[in-house]
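Below: one structure, written as structure tokens.
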Amino acid sequence: MLVKLGVSNRHIHLNKEDYKLLFGSSNFDKRNNLTQKDEFASLKTVTLIGPKASISNVRVIGPLREYTQVEILQSDTYILGVNPPVRSSGDLKDASEIIIKTNLNEIKRSCCIISDRHIHISPQKRKKYKLGKDIYKIKVDNDKGGIINNVKIKESNKFSFELHLDRDDANAFLLKDNDLLEIIE
């Protein structure tokens, strides 16, 4: 079975309180829609500051959430000097502490993770495609081909069927947005 790829770069999700601290009462304007329903890249960006260095222009993703979460790449950890765990969105157990800065303010939060590899899917499509397990492998058949292990299933009625890999994983396998990849047992 084939699934379309969506490649994710570093980004941040904010809760209402942290948004207000970082941006005041300014509008949470949309730059463009993302492939998952109701999600969008905003015009807002932040700077992430770690013990070693900083990374600017990190995109804020909307809508606002119940939690603040920074998702970075493994390659970013060397720049920032942090050691975040690989986690599913919303699981901030042992998340690295990071400073989030804007022109208005800066806050320090233990919210920095590396996102796990995952497939977004609705319950209907999951049943239709008979994807009963919680973890799968992805076969990559190109010049840098191989098997991508530990790809989790994330199920919700609002999800579009799509594989999400971060930029580091995609680059390692010479993959880009909208590539079709095979889900294997």
Problem - Pair list, Cβ under 6 Å, 6 or more apart: segment 2-16 residue under 9 Å from residue 68 (Cα atoms), other residue open to solvent by 20 Å² or more (accessible area, probe 1.4 Å) and among the hydroxyl-bearing types (Ser, Thr, Tyr) - result: 15/67
Handout entry: Candidate set from segment 31-78 (those that are within 14 Å of residue 13 (Cα to Cα) and charged (D, E, K, R)); member that is nearest to the chain's Cα centre (by Cα)
Key = 71
Handout entry: Subset of segment 162-185 [in contact (Cβ under 8 Å) with a residue 40 or more places away in the chain and part of a loop (DSSP other than H, G, I, E, B)]
Key = 175, 176, 177, 178, 179, 185
Practice task
Scan segment 91-117 for residues that are closer than 18 Å to residue 74 by Cβ, open to solvent by 80 Å² or more (accessible area, probe 1.4 Å) and either aliphatic (A, V, I, L, M) or in contact (Cβ under 8 Å) with a residue 12 or more places away in the chain (or both) and jot them down.
Solution key: 97
Exercise for the section: Filter the strands (runs of 3 or more DSSP E) completely within segment 1-71 down to those with at least 1 residues that are under 24 Å from residue 171 (Cα atoms) and open to solvent by 30 Å² or more (accessible area, probe 1.4 Å). Expected result: 2-8, 30-33, 40-49, 54-65
Fill in the blank from the handout: Selection from segment 161-185 of residues modelled with pLDDT of 95 or more, over 24 Å from residue 78 (Cβ atoms) and open to solvent by 50 Å² or more (accessible area, probe 1.4 Å) yields 177, 178, 180, 182
Exercise for the section: State whether the residues of segment 129-143 include one that is crowded, with 16+ Cβ neighbours inside 10 Å, in a loop (DSSP other than H, G, I, E, B) and either charged (D, E, K, R) or more than 19 Å from the chain's Cα centre (by Cα) (or both). Expected result: yes
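The values are calculated or read from the model by the stated rules, or taken from the named source; none is laboratory data. Small disclaimer: the values here were computed from a predicted structure and weren't measured. Neighbour counts run over all protein chains shown; Cβ positions are idealised from the backbone, glycine included. Only protein heavy atoms, including side chains, enter the accessible area calculation; ligands, DNA and RNA are left aside. Shrake-Rupley method; radii C 1.70, N 1.55, O 1.52, S 1.80 Å.
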